[in-house]
Structure formats: structure tokens, C-alpha cells
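One structure is given below, encoded as C-alpha cells.
The values are calculated or read from the model by the stated rules, or taken from the named source; none is laboratory data. Since the structure is predicted, the reported quantities are computational estimates derived from the model, not experimental observations. With ideal geometry, Cβ positions are generated from the backbone for all residues, glycine too; neighbour counts draw on all protein chains shown. Keep in mind that these areas ignore ligands, DNA and RNA; they rest on the heavy atoms of the full protein, side chains included. Shrake-Rupley method; radii C 1.70, N 1.55, O 1.52, S 1.80 Å.
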Amino acid sequence: MTLDLPVTEAAKVTVPDAQTVTSVTKWTDSLFSFRVTRPASLRFRSGEFVMIGLPGDNGKPLLRAYSIASPNWDDELEFYSIIVPDGPLTSRLQHIKPGDQIILRPKPVGTLVLDALLPGKRLWFLATGTGIAPFASLMRDPETYERYEQVIMMHTCRTGEELVYGAELVNNLRHDPLLGELYGEDFASRLKYYPTTTREPSPFMGRITDNLTSGKVLTDLGLPPISPETDRAMICGSLAFNVDVKAVLEGFGLHEGANSEPREFVVEKAFVGEGL
């Protein structure tokens, strides 16, 4: 997920060491992922974000906060980005290729971390668009499955092709030999995936808020009602989405937590913007 931190503020950041692009994958005309080398000193918790970018025309760094999509054990760093045609950063970042260098500030932060939640049985990841990025990290972290019996990934996009990044990731995870060895043959059933579209027909449709409040997702996946005793959640999307889903979760009796005060759900405070 690309987080909406102003370019003017980012330009004040001291330029960090450059990292080398190792691969780029185009998912749609407006979505791509890329991997870069990882600084030897970088330590992060799955779900956090870092500042990355390119040199600006004025010589100062043009940086945005990007959620790390790779898990904390990965030797490289993966990011998932939208392309805004006139965006100061993404209009240029979309042209990177293996061997190019980007700027990366190795100081991870964020609220979407396991330590910000109380112990529970089920963990819900609720995302729209590139908001799936921090959950791509957490879904690939074995600690997630050490703490929770079930993980439910709800991801909503406008069209089916915008869901492909997440769909491939979940499919690969369900057949991951390491996770299967660690958690047994039933591991695949512990990771539930509920992708929906809002602008074109698909097996599951509708907004996350509607599918939660109506109970449709529970019926479709064969799950019991959401309860503050058993359920924990993380939210990542636009500001409006975050506010709406937060209200839904509070309606179920869940309370917002933070690194300093773990509770039943957490929300990413920075959000997707229009001028990236």
C-alpha cells in the first residue's frame, strides 16, 4: 500500500542509502509490484512501512511511505503500488526496471502489527486496492499462524484483474511446503480468502462493510458471528474506507488498539492519496 504522506514533508527527509531493484511485475495498467535489495541493518515487524522514492528534479528526495509486502524473514523487500498518471512519484516509479536504484529510508513504522492486538482465535485482514500490501507481509509470516487459529483475508477492488496479486499470493501460500510442514495438512483451510468486486460481476461481490454487516461473508465462509472475545482485525485502505470499517467493527463490540495499548482491531493511520 502506498500511504499518503505529503511530498513536501518527504523532501525534508535526509537521503538514505540507495537500494537496487531486483524485479518488477506489472499486474494491470495501473498496478505493479517490485522487489529491491534489503539493507543489512533493516529489521522490521511484518505489516510496517518505510519511506521509499526517487531523487526529485530539485535534487531533494521525492519520498512516499510504502507498506512492505514481503515478510520480515525475506532477504529482499517487496512493494505493491498503484500508478497515478500525474503523480509526482508513481508516474516515474512505474518505469523502474531491474538494476535501477531507488531511495529507501530503513526506519520502519506502522500500526498494522501483531503486537498491537490482544490474543484471539480469528484474525481478519480488511483491505481495498493496494491496502493488501501489509497483509501480504503478515500472511507470509509464520508468527501470524502461531497466534491465530484462522486468518480471513477480505480484499475488495473494482475489477477482477485488480485482485490477481492477492489471489496468486494466497494460492501460493496454501501450497507453501514450509507452512504445511509447520502446521500440518489442514493449514490451507486455516487461511480463508474472500475477494470481492464492486464494478464487474465476480463469484463474490460487494463492499467489505456491506458483507460484514449483512453477515454474508460469514455465511459464505461458514464462520460463526464476530465477537470481541474471539475476533481481531486490521484495516487498510482509503481514509473513508477505514472510517466506515472501523464503525462496523465497533458495532460488533470491538475496540481500536495501538502499539502502546493492544485491543481488538487496528487501523493504518496514513491512507491512500490521489496525488502519489
Looking across segment 146-174 at residues that are assigned to a loop (DSSP other than H, G, I, E, B) and under 25 Å from residue 120 (Cα atoms), the single one that is least open to solvent (accessible area, probe 1.4 Å) is 148
Flagged in segment 175-192 as in contact with a helix residue (DSSP H, G or I) (Cβ under 7 Å, 6 or more places away or on another chain) and either part of a loop (DSSP other than H, G, I, E, B) or among the charged types (D, E, K, R) (or both), in numbering order, are 190, 192
How many residues of segment 254-269 are basic (Lys, Arg) and not in a strand (DSSP E or B)? The answer is 1
How many residues of segment 30-73 are in a loop (DSSP other than H, G, I, E, B) and closer than 28 Å to residue 159 by Cα? The answer is 8
Any residue that is in a loop (DSSP other than H, G, I, E, B), crowded, with 19+ Cβ neighbours inside 10 Å and modelled with pLDDT under 95 - is there at least one of those in segment 88-98? yes
Within segment 212-253, the count of residues that are at pLDDT 95 or above, part of a loop (DSSP other than H, G, I, E, B) and buried (at least 21 other Cβ atoms within 10 Å of the Cβ) comes to 1
Residue 40 fails exactly one of (1) closer than 20 Å to residue 97 by Cβ; (2) of a type in the set (Gly, Ala, Ser); (3) loosely packed, with under 15 Cβ neighbours inside 10 Å, namely (1)
The residue from 268, 168, 250, 264 that alone is free of Cβ contacts under 8 Å to residues at least 12 places away in the same chain, within 22 Å of residue 111 (Cα to Cα) and not basic (Lys, Arg) is 250
